[in-house]
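Quick notes on the structure that follows.
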Amino acid sequence: MTTRITPSILNADFAKMGQEVNSVPSADAIHIDVMDYHFVPNLTMGVPMVESLRKVTDTPFDIHLMIDDPDTYAPSYVEAGAESVTFHLEAAKAPVRLARELRAMGARASVALKPATPIEPLADILTEFDQILIMTVEPGFGGQSFLDIVMPKLRRTRELIDGSGADIWLQIDGGVSVETIGRAAEAGADTFVAGSAVYKAPDPDEMVTRLRQIADEHTSR
């Protein structure tokens with residue numbers, strides 16, 4: 001498996017967002033959290049921010065939609081320049097149709113699950129997605145502690161992905177740090193969203209490299 005580190009700008013300095021995005025050249029993608037004050041109790045950025053940031057970096061954008069009605073709004077993020085768009089299974093009305101629409105537009109289609117949402121409902125449609133995002137905190141706020149109770153679901157998801165024979169990335173989001181990334185990698189995650197760990201570090205790009213090294217050390221190959 002290939003380890004991918006995708007820093008979340010939810011924990012970056014919003015006053016200098018362009019600089020923050022470019023402070024992590026080693027990142028595999030920039031994770032952009034979109035919240036609408038409905039699906040989660042927080043409000044962040046939207047399409048205009050994505051369009052603006054697209055002008056200052058060539059790093060791929062990994063959009064995470066924590067919003068109601070992603071069926072309507074997800075495609076606009078591909079149009080704004082995103083290479084990958086994640087929507088929540090709990091919010092989507094027609095997840096397969098939406099995934100196919102995103103893929104048809106040239107983006108990677110990803111589906112996210114809250115900690116309490118089981119993976120089993122996705123078992124028969126897993127190959128409709130390019131990435132599965134398992135939330136390791138409750139969505140809505142950065143800086144939360146990693147929920148170890150999600151680890152069994154992470155392992156089951158890895159088993160399902162391996163059994164499908166498809167190239168599907170397994171991403172986690174929430175509480176990723178030098179203390180937690182190793183056991184998540186051992187459980188089968190290969191793509192890691194890290195917010196506070198990266199952007200609160202003295203050298204954000206050095207932290208990206210360190211997190212990648214730790215994950216690699218704990219990945220079975």
message = If I model a spin label at R155 and D167 as a point 7 Å from the Cα along the Cα→Cβ vector, what separation in nanometres do I get?
response = 2.9
query = For the chain, what is the calculated [θ] at 222 nm in deg cm²/dmol (nearest 500), taking -39500 (n - 2.57) for each run of four or more DSSP H residues and dividing by its residue count?
reply = -9000 deg cm²/dmol
key: In sequence order, calculated HN-Hα J values of the range 81-88 (Karplus, 6.51, -1.76, 1.60; Hz; x Gly/Pro)   = x, 7, 8, 9, 10, 10, 10, 8
query = Any idea how far apart R100 and R183 come out in nm if each label point goes 7 Å out from Cα toward Cβ?
reply = 4.1
inquiry  = Test of understanding: in a Gaussian network model of the chain with alpha carbons linked when under 10 Å, which of G81, G106, G163 would top the mean-square fluctuation ranking?
reply    = G163
ask   = Using a Cα distance threshold of under 22 Å, what count of lysine pairs results for the chain when pairs must be 8 or more residues apart or interchain?
value = 4
query = Any idea what the dipole of the chain comes to, in debye rounded to 20, about its Cα centre with Lys/Arg Cβ at +1 and Asp/Glu Cβ at -1?
reply = 120
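Every number here is computed from the coordinates shown, using simple stated rules; none is lab data. A quick note: this is a predicted structure, and the numbers were derived from the prediction, not measured. Cβ atoms come from the backbone with ideal geometry, glycine included; neighbour counts cover every protein chain shown.
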